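A.B. asks: Pasting a structure below so you can have a look.
Coordinate-derived values only; no laboratory data. Quantities reported herein were computed from a predicted structural model and do not represent experimental measurements. All Cβ positions, glycine included, derive from the backbone under ideal geometry; neighbour counts span all protein chains shown.
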Amino acid sequence: MNLSSHLPILIVVIPLIAAFMNPLIGWRQRKFCNPLAVIAVSASFCIALLIARTVITTGRISYHMGGWAPPWGIELAVDHLSAFMCVTITFVSLLAIVYSKNYVEKELAEEKMVPYYTLLLLLIVAMLGIVVTGDMFNLYIIVEMLSLAAYALVAMSEEKRAYVAAYKYLLLGFTGAIFILLGTAYLYIITGTLNMADLSVRIQPWYGSWVVFVALALLMVGFGIKTALFPLHTWLPDAHSIAPSSISAVLSGLVIKTGAYCIIRTLFTVFQPRFVIEVMPVTSALSWIAAIAILVGSLFAISQTDLKWMLAYSSVAHIGFIVLGVGLATGYGTTGGILHIFNHSMAKGCLFLCAGAIIYKTGIRNIYDLAGLGDKMPVTMAAFTIAAFSMVGIPPTAGFISKFYLGLGALEQGTWAGWVFAGVILLGSLLTAVFYIRVVNNVYFGERKRREEIEKDEAPLGMLIPIVILAGGCLIFGIFPKIPLALAEPAARLLLGI
């Protein structure tokens, strides 16, 4: 084996070792927790870039744990979609950790700092494990590892409501876990294997069996809960709005995207495109559910006055955009859905970090109290505006590119339903414009309660740099979309077999 074949395990092991070292180091010196996390995730980000380059040039990477070949041994498998997710996860996570240094010192009690970084590292380990594993049972185990870390991080907020939000998240997450485990068990019963590649071959003679239908339905419901896909989203608004803003950025930008990844992987790798499109038209059902999610999530976001609640409901709508792209099952549509994972992660991560900076400096959460912040926090609010425009899909931001592909994918279907979905994408973008432009209007043109001159008072540089980088990414990858498309387009073609 050459070095490139070991990259899938290294990207997971490095932050895992850091997570175990963190309590030992933090017990002596809490100030070293953040640098340790930054170093570990920076290393994983560099490995993710190497993985992406290797996959683009040489194709899929397969790593056999313990030297045991699959299907008997556990396989780590990285293709274009996995590489795309690895880059997205490590990029946004690294910026969230850098942001956390100043934010956590003020917003959390001192004794919570060590658990915070330990749990955040475990969360990142779990997300990376999900996207590189080639085994269904390992996928279930790692998804639960992810969920446990997420529950604890939501409960870490100083607000009393955090415990209720975390408990609600736990109850629904546990329900989703049961569905995933049962679906996985049914697949194992009829095929005798858990390796995804092997499973996809052995399951084909059973495509007419009700066991397969039930297994697929159970997996879709379970992963739908983890993804917060409407109407299984009820845990999300509380958890994302109450969690520390650095964690909200990771939860909304990344955690629910790993659920979307699980849906994509299950539909097009474990099962074959022909089965989920023609035999049991799950993709069609997902498209209609996603279309409803776009509209309902947007309408709920419009009705909010709390900034973080508005951002949370916006995530419900934009998960709808991602799942709609997957459900379209066309070249352009699936590419748009995959691309929107990355674009939404940058934009929503930036928006939640901006919200955290506003709360950090002013304590304001109400949208109608933001008047004057354009002068007080010009860099933060400029970044917020760019990210908001990307969420709407205004060119030349990255959000425009993914929504353009989604629209092309809907029309590519060539059916009346495709035209309906294209209309939903347009209407959803217009509704998104309503609630984001309302915030931008208040920030720059809202009437101040006091008319005296406002002094500039930005968040610390350690918080401001990640915000600016994410906002810059929304512009750079909108102007140069071929960079993320180098992975997104081949990923869509390989998944659909076209």
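A.B. asks: Using alpha carbons only, how many degrees (0 to 90, rounded to 10) separate the axis of helix 161-191 from the longest principal axis of the chain?
C.D. replies: Roughly 10 degrees between the two axes.
A.B. asks: Along its three principal axes, how long is segment 195-335 when you only count alpha carbons? Whole Å, largest extent first please.
C.D. replies: Rounded to whole Å, the extents work out to 53, 27, 26 Å.
A.B. asks: At what distance in nm do the modelled label points of W206 and I465 sit from each other, each positioned 7 Å from its Cα along Cα→Cβ?
C.D. replies: 5.2 nm
A.B. asks: Using a/c under 1.5 as the rounded threshold, could you call segment 48-207 rounded, prolate or oblate? The axes a ≥ b ≥ c are square roots of the C-alpha gyration tensor eigenvalues, and prolate needs a/b larger than b/c, oblate otherwise.
C.D. replies: Details: a/c = 3.02, a/b = 1.51, b/c = 2.00.
In terms of gyration-tensor shape, oblate.
A.B. asks: Here's another thing I want to ask about it. What is the dipole size for segment 1-155, taken about its Cα centre, with +1 at each Lys and Arg Cβ and -1 at each Asp and Glu Cβ, in debye to the nearest 20?
C.D. replies: Working: 8 positive and 8 negative charges, 84 e Å.
Here segment 1-155 has a charge dipole of around 400 debye.
A.B. asks: With all pairs of different alpha carbon atoms counted, what Kirkwood hydrodynamic radius in Å does segment 262-375 show?
C.D. replies: Hydrodynamic radius (Kirkwood, Cα only) of segment 262-375 equals 15.7 Å.
A.B. asks: Once fully extended, how much extra length lies between V379 and L496, figured as 0.36 nm per residue of separation less the alpha-carbon to alpha-carbon distance?
C.D. replies: 37.9 nm
A.B. asks: For helix 331-362, report the angle its Cα long axis makes with the longest principal axis of the Cα atoms of the chain; keep it between 0 and 90° and round to the nearest 10°.
C.D. replies: For 331-362 against the chain, the angle is about 30 degrees.
A.B. asks: Given the pairs K31/K308; K308/K482; K168/K308, which span a C-alpha to C-alpha distance of over 23 angstrom in this model?
C.D. replies: K31/K308; K308/K482
A.B. asks: With Cβ to Cβ distances under 12 Å as the rule, what net charge do the other residues near I341 carry (K, R +1; D, E -1)?
C.D. replies: Numbers: positive: K257, K348; negative: none.
Net local charge, I341 excluded: +2.
A.B. asks: Which entry in [x] 0.92; [y] 1.06; [z] 0.98 matches Cα Rg over 2.2 N^0.38 Å derived from the coordinates of this structure?
C.D. replies: Recomputing Cα Rg over 2.2 N^0.38 Å here picks out [x].
A.B. asks: Taking the Cβ of I130 as the centre, find all other residues whose Cβ is under 13 Å away and add up their charges (Lys, Arg: +1; Asp, Glu: -1). Walk me through the numbers on the way to the answer.
C.D. replies: Details: positive: K226, K257, R265; negative: D135, E144.
Once all neighbours under 13 Å are counted, the net charge is +1.
A.B. asks: Order by neighbour count: F384, F179, fewest other Cβ atoms within 10 Å first, most last.
C.D. replies: Least crowded to most crowded, the residues run F179, F384.
A.B. asks: With N residues in segment 295-346, what two-decimal value do you get for its Cα radius of gyration over 2.2 N^0.38 Å?
C.D. replies: My calculation over the Cα atoms of segment 295-346 gives 1.24.
A.B. asks: Additional query: Under a point-charge model restricted to the Cβ atoms of Lys and Arg (+1) and Asp and Glu (-1), what is the dipole moment magnitude of segment 281-498 relative to its Cα centre, in debye to the nearest 20? Show your work: numbers first, answer last.
C.D. replies: Details: 14 positive and 11 negative charges, 20 e Å.
Around 100 debye, computed over segment 281-498.
A.B. asks: I would also like to ask the following. Which value, to two decimals, describes the C-alpha radius of gyration of segment 281-498 once divided by 2.2 N^0.38 Å?
C.D. replies: For segment 281-498, the normalised Cα radius of gyration is 1.06.
A.B. asks: Going by how many other Cβ atoms sit within 10 Å of their own, how do D375, D238 line up, fewest first?
C.D. replies: D375, D238
A.B. asks: Now for a different question. Hand me the GluC sites (Glu not before Pro) from segment 131-164 located in a DSSP loop with no more than 14 other Cβ atoms within 10 Å, in residue order please.
C.D. replies: When the GluC sites (Glu not before Pro) of segment 131-164 are filtered for loop state and at most 14 Cβ neighbours within 10 Å, E158, E159 remain.
A.B. asks: I've got another one for you. Mind listing which GluC sites (Glu not before Pro) in segment 384-485 are in a DSSP loop and have 10 or fewer other Cβ atoms within 10 Å?
C.D. replies: Taking segment 384-485 and a limit of 10 other Cβ atoms within 10 Å, the loop GluC sites (Glu not before Pro) found are E447, E452, E453, E455.
A.B. asks: Right, something else. ³J(HN,Hα) across segment 92-97 via Karplus (A = 6.51, B = -1.76, C = 1.60, θ = phi - 60°), whole Hz, x for Gly/Pro?
C.D. replies: 5, 4, 4, 5, 5, 5
A.B. asks: Go through segment 234-247 residue by residue and turn each phi into a ³J(HN,Hα) via Karplus (6.51, -1.76, 1.60, θ = phi - 60°); whole Hz please, and just put x for glycine and proline.
C.D. replies: 5, 6, 5, x, 5, 5, 6, 7, 9, 4, x, 4, 5, 6
A.B. asks: Here is a follow-up. Expressed in nm to one decimal, what extension gain is obtained for the pair N441 and T415 from 0.36 nm per residue of sequence separation less their Cα-Cα distance?
C.D. replies: Working: separation 26, 0.36 × 26 = 9.36 nm, distance 3.88 nm.
Value of the extension gain: 5.5 nm.
A.B. asks: Taking the dipole about the Cα centre of the chain, with the C-beta of Lys and Arg at +1 and of Asp and Glu at -1, give me whichever of L406, G173, I39 is farthest to the positive side.
C.D. replies: The listed residue farthest towards the positive side: I39.
A.B. asks: For every helix of n ≥ 4 consecutive DSSP H residues, a contribution of -39,500 (n - 2.57) applies; sum these over the chain, divide by its total residues, and give [θ] at 222 nm rounded to the nearest 500 deg cm²/dmol. Walk me through the intermediate numbers first.
C.D. replies: Values: 20 runs with 372 residues, N = 498.
That calculation yields -25500 deg cm²/dmol at 222 nm.
A.B. asks: I've got another one for you. A77: net charge of surrounding residues, Cβ under 12 Å, Lys/Arg +1, Asp/Glu -1, itself excluded?
C.D. replies: Charge balance near A77 sits at -2.
A.B. asks: Any chance you could give the angle, 0 to 90 degrees and rounded to 10, that helix 482-496 forms with the longest Cα principal axis of the chain?
C.D. replies: Tilt relative to the chain: about 30 degrees.
A.B. asks: A follow-up question, please. Can you sort W27, W206, W309 from fewest to most other Cβ atoms within 10 Å of each residue's own Cβ?
C.D. replies: Fewest to most other Cβ atoms nearby, the residues stand as W27, W206, W309.
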